[in-house]
1. Checking residue 85 against (1) outside any loop (DSSP other than H, G, I, E, B); (2) more than 16 Å from ligand 2 (Cβ to nearest atom); (3) closer than 21 Å to residue 189 by Cβ, which single condition isn't satisfied?
2. Looking only at residues in segment 36-47 that are in a helix (DSSP H, G or I) and closer than 16 Å to residue 114 by Cβ, which one is nearest to ligand 1 (Cβ to nearest atom)?
3. As an exercise: evaluate residue 118 against (1) closer than 26 Å to residue 71 by Cβ; (2) within 15 Å of ligand 1 (Cβ to nearest atom); (3) surrounded by fewer than 22 Cβ atoms within 10 Å (Cβ to Cβ) and give the number of the one condition it does not meet.
4. Scan segment 12-35 and tell me whether some residue there is under 22 Å from residue 170 (Cβ atoms), in a helix (DSSP H, G or I) and in contact with a strand residue (DSSP E or B) (Cβ under 7 Å, 6 or more places away or on another chain).
5. Output the residue which, of all residues in segment 103-122 that are more than 24 Å from residue 89 (Cα to Cα) and part of a helix (DSSP H, G or I), is farthest from ligand 2 (Cβ to nearest atom).
6. Residue by residue through segment 131-147, note down the ones that are in contact with a strand residue (DSSP E or B) (Cβ under 7 Å, 6 or more places away or on another chain) and in a loop (DSSP other than H, G, I, E, B).
7. Among what's in segment 88-115 and is farther than 18 Å from residue 48 by Cβ and without any contact (Cβ under 8 Å) to a residue 60 or more places away in the chain, pick the residue that is surrounded by the most Cβ atoms within 10 Å (Cβ to Cβ).
Ligand code: AMP
Ligand code: MG
């Protein structure tokens, strides 16, 4: 049985576990992270084992102060500090050239490393008390990312030494990944720091079309974020309702995951994502986990806005294996 402690009781113990080469799950503003000492190769290997994660999917190194960057990366470009000044701490990971201190296991054999400074105070306290932490999301490989300690427990009980419970994650989808090792800064994964925000700050930002179809970032070729039951995206609420009714007539038990802005679709199984783009990001993974437990098909309404809605849809398309109605 893995212990769950709050920050007050768990931080000191968590730091000791990290220093001794163990695994600690910690809250961040994006999703829960599964952390190990980023400089300890044996500890980092345990992350891959606990998650069932392929070796060629790199981890993000989490820091608590910008001074730590020099131990992790080399030839840091000025654009890094420009982004850091505005968005760190915050929900963004930046790809830099790796330093020799960082084991190849962290970077999946590559010459670049992802660096992120979380906004969450518990995460930064844990790092300050121990070490920069190599961490992916704290879910079983390919499952939906966790946004509560209970989600983590459901996936990783018995596989990690400690879970620090910091409540629900404020943002709810994984960090933006920005690559600064290429000629043009390139968004490899959209997130709460949006493509638009980075374009405005840096003048020029590339995004690989719909990044979900591109295997540029190591790890992107894997199916991620997948619920355990079939999931489809409906391009409009009318399509969603039609698909729902069709599934019912065939004897299925579907659920409609939708924006809470409609009044005339009650009498059906519904999970409400809220009413703002920030609500959709915060609630989407809880909604998918709740849906897979209670229903046998998920029908999710497509979001057509840019910014964070675009980032949320990046995850949702993957959940649905790109199936739309
Ligand atoms: P997770 O925290 O579970 O979302 O996993 C970390 C993700 O960050 C990986 O799947 C990659 O998409 C991305 N990432 C980490 N390190 C690198 C890197 N060196 N180059 C490109 N992408 C990276
Ligand atoms: Mg992940």
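1. (3)
2. 47
3. Answer for residue 118: the failing condition is (3).
4. For segment 12-35, residues under 22 Å from residue 170 (Cβ atoms), in a helix (DSSP H, G or I) and in contact with a strand residue (DSSP E or B) (Cβ under 7 Å, 6 or more places away or on another chain): present.
5. Of everything passing the filter in segment 103-122, 104 is farthest from ligand 2 (Cβ to nearest atom).
6. Within segment 131-147, 131, 132, 136, 138, 145, 146 qualify.
7. The selected residue is 115.
Let's see how each residue does on (1) farther than 24 Å from residue 37 by Cα; (2) under 13 Å from the mean Cα position of the chain (by Cα):
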{"position": "126", "(1), (2)": "no, no"}
{"position": "140", "(1), (2)": "no, yes"}
{"position": "153", "(1), (2)": "no, no"}
{"position": "174", "(1), (2)": "no, yes"}
{"position": "191", "(1), (2)": "yes, yes"}
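The values are calculated or read from the model by the stated rules, or taken from the named source; none is laboratory data. All of these numbers come straight from a predicted model, not from anything done at the bench. Counting neighbours? That spans all protein chains shown, and the Cβs are built from the backbone with ideal geometry, glycine included.
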